[in-house]
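Working notes, beginning with the structure itself.
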Amino acid sequence: MGQQQLLLVILVTIIVGIATVVAINTFGSAADSANLDAVRQDVATIASSAQGYFMKPEMLGGGGQDFGGLTFNSMAFAADSISSDGLTAINANGRYVMSGATGTATSFTVTAHPASRIDGAVTLTSDADNTLAATISDSNVEWTDNN
């Protein structure tokens, strides 16, 4: 009888250990997925604000049918910090880099570096690995996932 109880204790311990490992892996995957969803929402917010900037006349602080001169400083975006040139913003979800909004621009690109995918030094370019990029025009947003 003692050997059966010992065997049951060992079996239960193994099952609980396996369940714990599965739960930890599931939680990690859910956290990464939530971060990617938050980054996509941030990029959608950037696109919406940029399209508002595009439509607003220049005398009211907008672009006057042009994305030229658009920076994170000239739009409504909740960032913890913005670079001195206004083209890079950082918040808890990740880093966002704006490119192509110079001169007379009818579209521009926002490259998002999700915090869950940042490992070590960050290459802040639109074709870097582990990024989400969106090309934003006055009426459209095209997504690219550089996994």
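Which translational diffusion coefficient, to the nearest whole µm²/s, is obtained for the chain from the Stokes-Einstein equation, given a Kirkwood hydrodynamic radius over C-alpha pairs, 4 °C and 1.567 mPa s? Translational diffusion coefficient: 74 µm²/s.
Sum -39500 (n - 2.57) across every DSSP H segment of at least 4 residues in the chain, then divide by the residue count to get the 222 nm mean residue ellipticity, nearest 500. Mind showing how you got there, number by number?
Numbers: 1 runs with 54 residues, N = 147.
Taken over the chain, the calculation gives -14000 deg cm²/dmol.
Pairs of Cα atoms under 8 Å, at least six residues apart: use those to get the relative contact order of the stretch 1-91, whole percent. Present the calculation step by step, with values, prior to reporting the outcome.
Numbers: 63 pairs, mean separation 13.1, N = 91.
Normalised by residue count, the contact order of the stretch 1-91 is 14 percent.
Positive-end ranking of Tyr53, Ser83, Val12 along the dipole of the stretch 1-90, with charges on Cβ about the Cα centre, is headed by Val12. All Cα-Cα distances of the stretch 1-83, cut into 5 Å bins from zero to the largest, leave 3, 12, 12, 11, 10, 7, 7, 6, 5, 5, 5, 5, 4, 3, 3, 2, 1, 0 percent in each bin in turn. For the chain, the dipole from Cβ point charges (+1 on Lys and Arg, -1 on Asp and Glu) about the Cα centre works out to 340 debye, to the nearest 20.
What is the helix-to-structure angle for 2-55, meaning the angle in degrees between its Cα long axis and the longest Cα principal axis of the chain, kept from 0 to 90 and rounded to the nearest 10? With rounding to tens, the tilt is 0 degrees.
The spread of Cα positions in the stretch 1-49, taken along each principal axis and listed from longest to shortest, comes to 72, 8, 5 Å.
Figure the gain on full extension for Ser81 and Thr144 (residue separation times 0.36 nm, minus the Cα-Cα span) and round it to one decimal in nm. Intermediate results must be reported in sequence, preceding the final value.
On the way: separation 63, 0.36 × 63 = 22.68 nm, distance 2.47 nm.
Net length gain for the segment: 20.2 nm.
Whenever you get a sec, compute what percent of the accessible area on the chain sits on carbon and sulfur atoms (1.4 Å probe).
Working: 4970 of 8670 Å².
C and S atoms contribute 57 percent here.
The values are calculated or read from the model by the stated rules, or taken from the named source; none is laboratory data. The structure presented is a predicted model; accordingly, all values stated were derived computationally and were not measured. Neighbour counts are summed over all protein chains in view; Cβ atoms, including those assigned to glycine, are modelled from backbone coordinates with ideal geometry. What goes into the accessible areas is simple: the full protein's heavy atoms, side chains included, and nothing from ligands, DNA or RNA. Shrake-Rupley method; radii C 1.70, N 1.55, O 1.52, S 1.80 Å.
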